[in-house]
Amino acid sequence: MNNLDKKIELVNAITTLSIKISTSSIIDIFVDFSSHIKSLSVKVLLNGWAEGNYKPDFNKTIYLDWNNAEKELQEVLDYLGGIKDEHSWKN
């Protein structure tokens with residue numbers, strides 16, 4: 001597996017886990033890919049989104065063409081895995 005394939009695998013895992021968590025709990029997770037700057041942005045609101053209250057509990061932007069992108073993507077995936085493990089609705 002080359003470097004790009006690994007990054008794509010991690011992005012897919014982040015997106016999948018975000019959907020599972022957001023559809024099974026009050027937690028809202030926003031995942032945005034900006035192709036023009038090759039970045040993935042992940043914002044987590046542990047108590048859900050509310051109008052006028054959009055202060056994420058976790059906010060990370062990863063530039064996929066940077067040298068440390070795989071490490072940072074894995075850190076986001078680990079964080080999301082920790083959220084999932086803290087709840088009894090595990091999918």
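The values are calculated or read from the model by the stated rules, or taken from the named source; none is laboratory data. What you see is a predicted model, and the numbers here were worked out from it, not measured in a lab. When we count neighbours, we look across all protein chains shown, and the Cβ atoms used for this are built from the backbone with ideal geometry, even at glycine. Side chains included, ligands, DNA and RNA excluded: accessible areas come from the protein's heavy atoms. Shrake-Rupley method; radii C 1.70, N 1.55, O 1.52, S 1.80 Å.
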Any residue that is in contact with a Ser or Thr (Cβ under 6 Å, 6 or more places away or on another chain), under 12 Å from Val76 (Cβ atoms), surrounded by 13 or more Cβ atoms within 10 Å (Cβ to Cβ) and not small (Gly, Ala, Ser) - is there at least one of those in segment 12-23? no
Kindly list, by first and then second residue, each pair from a residue in segment 29-40 that is in contact (Cβ under 8 Å) with a residue 40 or more places away in the chain to a residue that is crowded, with 16+ Cβ neighbours inside 10 Å, limited to pairs with Cβ atoms under 8 Å and residues at least 6 apart or on different chains. Ile29/Ser18; Ile29/Ile21; Ile29/Ser22; Ile29/Val42; Ile29/Lys43; Ile29/Val44; Ile29/Leu45; Ile29/Leu80
Take segment 1-37 and flag every residue that is in a strand (DSSP E or B), among the acidic types (Asp, Glu) and over 13 Å from Lys84 (Cα atoms). Asp32
Name the single residue that is surrounded by the fewest Cβ atoms within 10 Å (Cβ to Cβ) among those in segment 64-75 being without any contact (Cβ under 8 Å) to a residue 60 or more places away in the chain and either touching an Asp or Glu at 6+ places or on another chain (Cβ under 7 Å) or part of a helix (DSSP H, G or I) (or both). Lys71
Give segment 24-54 a look and list any residue that's open to solvent by 70 Å² or more (accessible area, probe 1.4 Å) and closer than 23 Å to Asn3 by Cα, or say none. Asp32, Phe33, Ser35, His36, Ile37, Lys38
In this structure, is Ile19 touching a residue at least 40 places away in the same chain (Cβ under 8 Å) and of a type outside the set (Asp, Glu)? no
Can you find a residue in segment 63-81 that is more than 19 Å from Leu4 (Cα to Cα) and of a type in the set (Ser, Thr, Tyr)? yes
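In segment 38-63, what count of residues is obtained for those that are of a type in the set (Phe, Trp, Tyr), at pLDDT below 95 and assigned to a strand (DSSP E or B)?
Within segment 38-63, residues that are of a type in the set (Phe, Trp, Tyr), at pLDDT below 95 and assigned to a strand (DSSP E or B) number 0.
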Of the candidates Asp5, Asp85, Asp57, Asp78, the one satisfying the condition of being of a type outside the set (S, T, N, Q), open to solvent by less than 80 Å² (accessible area, probe 1.4 Å) and without any contact (Cβ under 8 Å) to a residue 24 or more places away in the chain is Asp5
What is the residue count in segment 8-36 for residues that are in contact with a Phe, Trp or Tyr (Cβ under 8 Å, 6 or more places away or on another chain) and farther than 19 Å from Gly48 by Cβ? 1
